[in-house]
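The values are calculated or read from the model by the stated rules, or taken from the named source; none is laboratory data. Keep in mind it's a predicted model, so treat the numbers as computed, not measured. Note that we place each Cβ from the backbone using ideal geometry, even for glycine, and neighbour counts take in every protein chain shown.
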Amino acid sequence: MITILGAGLAGLSCSFHLGHDQCRIYEANSYPGGHIHSREKNGCVWDQGPHVSFTKNNYVKCLFEKSINGEYSSYKAEVGNYFHGAWIPHPAQANLFAVPEPLRSQCLDGFLARVEHAADENHHVASYEDWLLAAFGDVFTAEFSAVYTQKYWTVAPKQLTTDWVGGRVFRPEIDAVVKGYNGPPSVAAHYIQEVRYPNNGGYFSYAKGFIAGANISTGYQATSIDLERQEIKFANGELHIYEKLINTIPLPDFVRLCSPPENVRSAADQLTCTSMLLVNVVAAHPTMKSYHWMYVYDENMLSTRISCIELISPSSVPAGKTALQVEVYASRYKPFTLSHNEIAEIVCQELIAMGFVASVESCHTHYIPHANVVFDHSRRKSLDCIFDWLSGYGLVREDDDLDAMTDWKREINFAPDRLVLAGRFGQWKYFWSDDCVLRGRQIAAAFKGTFDTEYFC
Ligand SMILES: Cc1cc2nc3c(=O)[nH]c(=O)nc-3n(C[C@H](O)[C@H](O)[C@H](O)COP(=O)(O)OP(=O)(O)OC[C@H]3O[C@@H](n4cnc5c(N)ncnc54)[C@H](O)[C@@H]3O)c2cc1C
């Protein structure tokens, strides 16, 4: 029997692929789903932060489709940017035509100068700031990217590495920048083109196929773990002895539960993620802006990303109403200095000022302690220290365990022992929901020594 800690998508996918009869999942919450759980409040269905599926992986698409009996909608996302009163199509770097002058021309000059800069042989990319300067030039970096990085990642670009960037930040060719300076580009450049969303029940519906038949014990919050004796204690007083353990709960929490030596505890303390306050706002009138979601670049505004729920998921909102979900971020680098209510009040005023709502019918907040892993310069070193220590208790090091992302086309190169890590926070990686599904399949294949073709769609 394999024990799994956490019934988020990673834990559920492990159980699904290993065979539910082979697994038991322990989950702290009273419901499964973790970050992809959706809940109803004030007449609307709210996800834990805006979720849409933009996976290109056919296997995941197929499993998600099966979960909801093929009942999903697929559409091209309209994404926008708000910049000091101007509305700029996304990504702004390829749509300079909409940036007010003289900044528009200054941004272009910066882009053109970057060619020289990036061609300099001594140009060394040591941080996200270096990457931005080489990609976008100094003016766009300072006015757009640096401000948004501070709002979303809660740190300055120079505090971040670049291993997480991949295709997630669009880097246009100079030609595309010039075309976008002169007018709207003919081809959309955002990495998310087509999105899929369940017709009913919010994003959580995608988890249903993974949950059916799973042995999930909810209300089981692990409070201490003895890695030597392979023993887990839960807040409800129960104790469980495992043979093999798959951990998907946040790695720093997991390490602390295991009473580590001081150097490992301090490595766990170094791992940083952002926390997020969701401000969920309903207005009693139809949609006033046509964007599915948009980014707010103004540094004096708390709103960071705004999603329009009735456009993403019409069934989640009563007809004729507007439902907006606004993300506001904090971390140990940038703690919240206002109460949740104060933040909500300010966000509502910002939505009115930006023309999203005329007035607010209802508003509630939802605090999410783990939002995004922060890829700061100490991350790899801290992970290395933690993984080395855990390898004394049955964790097998993987070639790419320090990487920010996983290449799913790589061959499976590890034979699991007693302890395996899975998921966005379990592995401390930049995982989206499709990655969590694929990690479950990878782990099952590693345990079995082969891919089980029965799961291929
Ligand atoms: C704001 C935001 C937007 C996102 N948007 C998208 C998107 O559009 N598309 C996309 O594909 N992905 C998106 N993601 C990513 C996606 O949500 C995650 O990759 C995925 O849900 C993570 O699943 P997981 O199982 O790894 O972790 P989790 O979902 O966090 O699961 C871990 C589980 O462990 C449980 N747990 C924690 N501590 C304990 C304990 N002590 N004992 C027992 N159980 C415990 C938790 O309750 C939780 O259920 C987004 C994430 C965020 C934060």
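Of the residues in region 215-222, at least one is of a type outside the set (Ser, Thr, Tyr), touching a Leu at 6+ places or on another chain (Cβ under 9 Å) and either in a loop (DSSP other than H, G, I, E, B) or within 27 Å of Val437 (Cα to Cα) (or both).
Restricted to region 409-432, and to residues there that are out of contact with any Ser or Thr (no Cβ under 8 Å at 6 or more places or on another chain), in contact (Cβ under 8 Å) with a residue 12 or more places away in the chain and of a type in the set (D, E, K, R), the residue that is nearest to the ligand (Cβ to nearest atom) is Arg424.
Meeting the requirement of 2 or more residues that are touching a Cys at 6+ places or on another chain (Cβ under 8 Å), the strands (runs of 3 or more DSSP E) wholly within region 1-96 are 2-5. Considering the conditions (1) modelled with pLDDT of 95 or more; (2) surrounded by fewer than 21 Cβ atoms within 10 Å (Cβ to Cβ); (3) more than 9 Å from the ligand (Cβ to nearest atom); (4) assigned by TED's automatic domain parsing to the domain that holds Leu311, Gly49 is excluded by exactly one of them, (3). Restricting to region 317-355, and then to whatever is in contact (Cβ under 8 Å) with a residue 24 or more places away in the chain and among the acidic types (Asp, Glu), can you tell me which residue is surrounded by the fewest Cβ atoms within 10 Å (Cβ to Cβ)? Taking the candidates together, the pick is Glu350. Taking the criterion of being buried (at least 21 other Cβ atoms within 10 Å of the Cβ) and in contact with a strand residue (DSSP E or B) (Cβ under 6 Å, 6 or more places away or on another chain), the residues of region 19-34 that qualify are Cys23, Ile25, Tyr26, Glu27, Pro32, Gly34. The criterion of being more than 12 Å from the ligand (Cβ to nearest atom), surrounded by fewer than 18 Cβ atoms within 10 Å (Cβ to Cβ), within 21 Å of the chain's Cα centre (by Cα) and modelled with pLDDT under 95 does not hold for Asp452.
Being away from the ligand (no atom under 13 Å from the Cβ), over 26 Å from Gly423 (Cβ atoms) and not aromatic (Phe, Trp, Tyr): is that true of Gly19 here? Judged against the criteria, Gly19 is not a match. Quick one: would you say Ala358 is surrounded by fewer than 20 Cβ atoms within 10 Å (Cβ to Cβ), touching a Ser or Thr at 6+ places or on another chain (Cβ under 7 Å), over 29 Å from Ser74 (Cβ atoms) and among the small types (Gly, Ala, Ser)? Against the criterion (surrounded by fewer than 20 Cβ atoms within 10 Å (Cβ to Cβ), touching a Ser or Thr at 6+ places or on another chain (Cβ under 7 Å), over 29 Å from Ser74 (Cβ atoms) and among the small types (Gly, Ala, Ser)), Ala358 does not qualify.
Residues in region 253-278 that are within 12 Å of the ligand (Cβ to nearest atom) and more than 16 Å from Ile232 (Cα to Cα): Cys273, Thr274, Ser275, Met276, Leu277, Leu278.
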